[in-house]
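Below is one structure, written out as structure tokens; comments come after it.
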Amino acid sequence: MASLATHFSAFIFLFPVGLRRLLCSYSLYLKNPSSYRSKPWYFSEPKWKNLDLYTLLVALPIASFSEIFLFLTFSGHPTYRFAFFQQSAAVFLFWALVILVILKEYVDSATINEGYVFIIAGIAFLVEYSVIGKGVGGLGAPVYELLGKLSLVCAGSCLYLGMRPSAFFAEYLLSSGLVFKGTWVLQAGLNLGTDVFALKGCHQLGVSTGQWDLDVKCALEEDGLRGIALMNLLFIVHAIGVVVVSFGLFGLLSCNRNLRFGEASGPLLAQLESESMLMRPAPEFELE
């Protein structure tokens, strides 16, 4: 997670997925709140429009194998070297999750319970939390610690949705958490992986004599404290921005039906309504 390219790739994966989930979940909820049920993935009709899912299906194994390659070729500190293997395992788990979502939709949806998919997603986020920032010290440690907390929010939301798929607030936390993770990982890449946006008095230790150090060091203790305070402030700014965007999107969709996700009025809504009808208790009749 040291280079800007890696952080930008993570932003490309996370931000659109989270924003799309917000749009789809808002659309379904506003269409019929009583029949709302969260989905592991909100598919579009026709199926070929789900290019974002197919992109993840191809890109995630490439990212996982790239981490394996770095693990095999990296000659630096053993802690940093093993971190690449752990990150590869986490990415591979998300790839397996994407495959499971596709199987759920295309092969035999009756044999794969959506609750299990959410639980596996929660486990994947917990694994990601355990490897985020592994081997990173200096100023990068508190930055990745904040990123790890966002992974915990996503993990808790997925586990709760696995038990109660109708919990709209859990879907909101998951979708907003993905958007937040995307913007924050990009911010981390800009401040920790580039010289242009580097914090004053701090710099990343580069490649030297075959060793690669991922730490971001500060010349003075005051520089380090100022850098941590600035990153905490930026984290709060990102949080406010995500809340404003999510609430603004909800208000916009509430006022304009034409902007809602097309799936909300298609077969998915009919499926959700039929599931809701099946779960409702049978009406009781009184005999006079």
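What are the pairs with Cβ atoms under 8 angstrom where one residue, in region 73-101, is closer than 30 Å to Cys158 by Cα and the other, located anywhere, is at pLDDT 70 or above and aromatic (Phe, Trp, Tyr)? Sequence gap at least six, or different chains.
Going by the 8 Å Cβ cut-off, the qualifying pairs are Ser88/Phe65; Val101/Trp41.
Can you list residue pairs whose Cβ atoms sit under 8 Å apart, with the first residue in region 235-255 being without any contact (Cβ under 8 Å) to a residue 24 or more places away in the chain and the second being surrounded by 12 or more Cβ atoms within 10 Å (Cβ to Cβ) and assigned to a helix (DSSP H, G or I)? Count only pairs 6 or more apart in sequence or on different chains.
Taking only residues 6 or more apart or on different chains, the pairs are Leu252/Leu259.
The conditions are (1) within 17 Å of the chain's Cα centre (by Cα); (2) at pLDDT below 90, and Leu14 fails exactly one of them. Which is it?
The number of the failed condition is (2).
Scan region 105-121 residue by residue and report those that are in contact with a Gly (Cβ under 7 Å, 6 or more places away or on another chain) and either closer than 26 Å to Ile236 by Cβ or crowded, with 21+ Cβ neighbours inside 10 Å (or both).
Once the filter is applied, which keeps residues that are in contact with a Gly (Cβ under 7 Å, 6 or more places away or on another chain) and either closer than 26 Å to Ile236 by Cβ or crowded, with 21+ Cβ neighbours inside 10 Å (or both), region 105-121 yields only Phe118.
Checking the condition modelled with pLDDT under 85, more than 26 Å from Leu259 (Cα to Cα) and not in a loop (DSSP other than H, G, I, E, B), which residue from Ser75, Ser88, Ser109 passes?
Of Ser75, Ser88, Ser109, the one residue that is modelled with pLDDT under 85, more than 26 Å from Leu259 (Cα to Cα) and not in a loop (DSSP other than H, G, I, E, B) is Ser88.
What single numbered condition from (1) more than 15 Å from the chain's Cα centre (by Cα); (2) assigned to a helix (DSSP H, G or I); (3) of a type outside the set (Gly, Ala, Ser) fails to hold for Phe118?
Here Phe118 meets the rest and fails (1).
Results for (1) outside any helix (DSSP H, G or I); (2) in contact with a Lys or Arg (Cβ under 6 Å, 6 or more places away or on another chain), shown as yes or no for each residue.
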{"residue": "Ser9", "(1), (2)": "no, no"}
{"residue": "Phe13", "(1), (2)": "no, no"}
{"residue": "Val17", "(1), (2)": "no, no"}
{"residue": "Cys24", "(1), (2)": "no, no"}
{"residue": "Ser27", "(1), (2)": "no, yes"}
{"residue": "Ser38", "(1), (2)": "yes, no"}
{"residue": "Trp41", "(1), (2)": "yes, no"}
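Here are some residues: Leu152, Leu146. Which one is assigned to a helix (DSSP H, G or I), under 16 Å from the mean Cα position of the chain (by Cα), over 28 Å from Glu114 (Cβ atoms) and among the hydrophobic types (A, V, I, L, M, F, W, C)?
Result of the check over Leu152, Leu146: Leu146.
What's the number of the only condition in (1) in contact (Cβ under 8 Å) with a residue 40 or more places away in the chain; (2) surrounded by fewer than 16 Cβ atoms within 10 Å (Cβ to Cβ); (3) within 18 Å of Ala5 (Cα to Cα); (4) not aromatic (Phe, Trp, Tyr) that Leu147 fails to meet?
(2)
Would you check which residues across region 156-184 are assigned to a helix (DSSP H, G or I), free of Cβ contacts under 8 Å to residues at least 40 places away in the same chain and either over 20 Å from Phe250 (Cα atoms) or hydrophobic (A, V, I, L, M, F, W, C) (or both) and list them?
Correct list: Gly156, Tyr160, Phe169, Leu173.
Of the residues Leu259, Leu253, Leu268, which is modelled with pLDDT of 80 or more and either loosely packed, with under 12 Cβ neighbours inside 10 Å or in contact with a helix residue (DSSP H, G or I) (Cβ under 8 Å, 6 or more places away or on another chain) (or both)?
Every option except Leu253 fails the conditions.
The values are calculated or read from the model by the stated rules, or taken from the named source; none is laboratory data. All values derive from a computational prediction rather than experimental measurement. Every residue, glycine as well, gets a Cβ built from its backbone with ideal geometry; the counts of neighbours run over all protein chains shown.
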